[in-house]
Each structure stands twice: as structure tokens, then as C-alpha cells.
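Below is one structure, written out as C-alpha cells; the observations come after it.
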Amino acid sequence: MQSLVEKHQSQVVPGVLTLTLAEQRQTALLARSLHLDPTGQPELYCVAARRAAQQLPERVHHALHSFGRWGSDTGTLLIEGIPLGRIPATPEDNKQHVGEATLLARVQAMFGESLGHLIAYEAEGSGRLFQDMVPARAAARTQTSLSSLTELELHTEQAFSALKPDYISLACLRGDPDARTYTLTAKQVSAHISGADLAVLRERLWMTGVDESFRVGGQQFDDGDVRGPMPIISGAAGDPYIVFDQDLMAGRTPEADAAFERVLRIYRTHRNHHVLKPGDILLVDNNRAVHGRSPFHPRFDGGDRFVVRSFVTNDLAKSRYARLDNGRAVGSRYS
Ligand SMILES: O=C(O)CCC(=O)C(=O)O
Ligand SMILES: [Fe+2]
């Protein structure tokens, strides 16, 4: 007989939830009640977001909690139709911090505090809970979230870090029809690869460098500059996890390099994609899936793609030793 857990696992968790008009109203009302300053009082802000989130519509709770428990076929949960409020012009870089004041960011905070706990990183947006993710002219061809003209290669967010986020939350104020957010799940990799290659992916055969942008002020990392050896696929066959970074990871054997290339080939053939549109919040499962983004062509005129990003952890206590002043931001030396 199928156990209750197996029955749940075999259910397809819907990866998309479209808010009804009533749900939109209820969500906007809750977001408007969140008055605190997320940068000045991050902990109190998160407490208030958590409390407000208790009154989110039942379907939103259900979608968030099922996604947290089981993941989804695409490695993402899209909640769409979220009221936007006033939308500021797209800033030219991520130093103005205009996204955090929007209604959408407050909804994002409630979703994050319902799914887990908001967490921030000193090396990402100076440790603020929300980062403005916009195409910046100077970073157009880099492998960073401010890039645009080149493809953002396949990666786990902070593949190198023991304190990596469990979810990435992307709240879209302004979209770009060419910017496709790609995902590939560990389950998809397992389904499209040979048993022999899958066995290789489960071995500790890869070293991962730390993204240099995490070295704030030239400090040393407590865990050193290179991490590993680590496997790419781990965990239960029925619910596998994946860690991957096209740019920062290196195999230690020719077999490891070949298996790595096969993952990339599967990605190019089988990846899922979503084009973010205004009012979308896309949650990306950073354990069960890896992600990337297509190139797009910004005009740098205040009307470009504008996504407010935040991070979610399942376990806030785990990073207690590393968070600055016991706030929400992990110090860069602990990256
Ligand atoms: O721009 C996107 O859609 C995704 C960018 C990304 O990799 C991230 O925000 O972690
Ligand atoms: Fe990313």
C-alpha cells in the first residue's frame, strides 16, 4: 500500500498560483499594514511580515507550504497577479535601494516569512533584505545579477557557501520580453542521464571557488578560497538535491568533467523557463534546482527590467554565528 508520504510525493505540486481579485485585495491590505523600515529595523520588519503573513489567503499558504515541503516540477513557484502599487523608474544600478519601499516588496517579505525566514548577505546589496536587480551598464557582460547582454550561466545561488539561501525570491516590477529565467531540477537531471553518469554526479569530485564579489573589502574567507570536494547530486533518489556552478566549479577527474558537460547539455535541451512580468513573484528552489538567465537588451532609460530580489532560509539558527550584529545579514567573511 502507498504510504501517506508517497501519496503526497506523487502529487504534482502546481507551480503557478494566480491570485483572484479577492485574494489580491486581501494581500494588498496586509502589505499596506507593514510600515516598518526593512533597512533600519530588519528584525522587527521580519517579525511584522511574519505576523501579517498569517492572514494571507488560504491558497497562498497552501501553495507556499507544499512548495517548501515537496518542491515542484519546475523547481519554481510562481505567484502572479500581485498588486504592484506605484512603480518607481528603474534605477541605473543597485545602489539606490528603491525596490524595498514598494508594495510588491512587502508582499515578497510576507511570502518569504511564510515559506521560511528572510536572510541577507553583506556581499549582496550591502546586506539589505531587498536588492534592486536591474541591468547596469558597467556590468552588462559580467556573470552577475546586474548583467544583461550575456547569458547568465547555470548556477546554484552561492554554490560555495554552507549558508547559501534555500530560496531566491524574484519580484517583478517591470519585465523584459527577452529575459527568460531558466531552471533545471535535480529530478530532471536524474531522468535524462545514464545510471553510470548519475553515480559519478553523486561522488565528491568537484571543487568550487568563491565568487570574488563576495570578498567585501579584500578580507579572507574563514573557510578558504576553494571549497570541496563536493558532489553535484545528493540526497534521496525520490527527492534529490543539486549544487552546480558553470563558472566556479571544477572537476577533479576526466569522468567528472564529462558528467559536468552532460548536465550542461541536459540543461540546454530540457530547461524550463519563465519570462517575469509585472506582478509576478517567482520563488526558485535553490536545493532542488539550478538556474540561469538568457541575455536581453536594456535601453538604460528608466524603463528596463526591474526585479526586487530577496533570499529565504529554512533555518535561521544555522547562520547565527555569521550574521552581523545578530541581524539578518551574513558577514562576507563567512561566505
Ligand atoms: O535575472 C534573473 O532572472 C535571475 C538572476 C539570478 O540568477 C539571481 O537573481 O539569482
Ligand atoms: Fe542566481
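Straightening the chain between His61 and Asp239 buys 61.9 nm, computed as 0.36 nm per residue apart minus the Cα-Cα spacing.
Solvent-accessible surface of the chain, taken per residue with a 1.4 Å probe and all protein chains present: 44 Å². For the stretch 276-288, putting each phi into the Karplus relation 6.51 cos²θ - 1.76 cosθ + 1.60 with θ = phi - 60° gives couplings of 5, 10, x, x, 8, 10, 10, 9, 10, 6, 7, 9, 8 Hz, in residue order, rounded to whole numbers and with x for Gly and Pro.
Extension gain for Ala191 to Val216 (0.36 nm times residue separation, less C-alpha to C-alpha distance): 5.0 nm.
The alpha-carbon atoms of the stretch 40-166, seen along their principal axes, cover 43, 33, 29 angstrom, with the largest extent given first.
So what is the 222 nm mean residue ellipticity for the chain from helices alone, if each DSSP H run of at least 4 adds -39500 (n - 2.57) and you divide by all residues, rounding to the nearest 500 deg cm²/dmol? About -8000 deg cm²/dmol. Whats the longest run of the chain with zero trypsin sites (Lys or Arg not before Pro) that are DSSP loop and have at most 11 other Cβ atoms within 10 Å? Counting only loop sites that pass the neighbour cut-off, the longest clear stretch is 142-298.
Taking a straight line from the alpha carbon of Lys277, these aspartates and glutamates sit under 17 Å away, with near neighbours fewer than eight places off in the same chain left out: Glu80, Asp132, Asp176, Asp178, Asp304. Segment Tyr321..Arg252, full-extension length gain: 21.7 nm, with 0.36 nm per residue of separation and the alpha-carbon distance subtracted. Take Leu103: with every protein chain present and a 1.4 Å probe, its accessible area is about 10 Å². In units of the rule-of-thumb radius 2.2 N^0.38 Å, the stretch 99-237 shows an alpha carbon radius of gyration of 1.20. Which distance in Å, rounded to a whole number, links the C-alpha centroids of the stretch 90-133 and the stretch 291-335? The distance from the Cα centre of the stretch 90-133 to that of the stretch 291-335 comes to 7 Å. Within the straight-line cut-off of under 20 Å between alpha carbons, the aspartates and glutamates reachable from Lys318 are Glu43, Glu113, Glu122, Glu124, Glu157, Asp166, Asp222, Asp223, Asp285, sequence neighbours fewer than 8 places apart in one chain being disregarded. What you get for the stretch 11-334, charging only the Cβ of Lys and Arg (+1) and of Asp and Glu (-1), is a dipole of about 540 debye around the Cα centre. Below 8 Å, C-alpha to C-alpha, sequence gap of six or more: please give me the relative contact order for the chain in percent. For the chain, the relative contact order is 28 percent. Each residue was assigned an accessible area with a 1.4 Å probe, and for His273 the value is about 120 Å².
Share of the chain's accessible area from carbon and sulfur, percent, 1.4 Å?
That share works out to 52 percent.
Computed from backbone phi with θ = phi - 60° and the Karplus coefficients 6.51, -1.76 and 1.60, the 3J(HN,Hα) list for the stretch 213-228 is 5, 7, 8, 6, x, x, 6, 7, 8, 4, 9, x, 8, 10, 10, x Hz; x is used for glycine and proline. Computed with a 1.4 Å probe on the full set of protein chains, the accessible area for Met133 sits at about 20 Å². Using only alpha-carbon positions in the chain, the gyration tensor eigenvalues give semi-axes of 30, 24, 20 Å once each is multiplied by 5 and square-rooted (largest first).
The values are calculated or read from the model by the stated rules, or taken from the named source; none is laboratory data. If you're wondering where the values come from, they're calculated on a predicted model, not measured in any experiment. Because the Cβ atoms are built from the backbone with ideal geometry, glycine has one as well, and the counts that use them run over all protein chains shown. When the accessible area is computed, the model is the full protein with side chains, heavy atoms only, and any ligands, DNA or RNA have been set aside. Shrake-Rupley method; radii C 1.70, N 1.55, O 1.52, S 1.80 Å.
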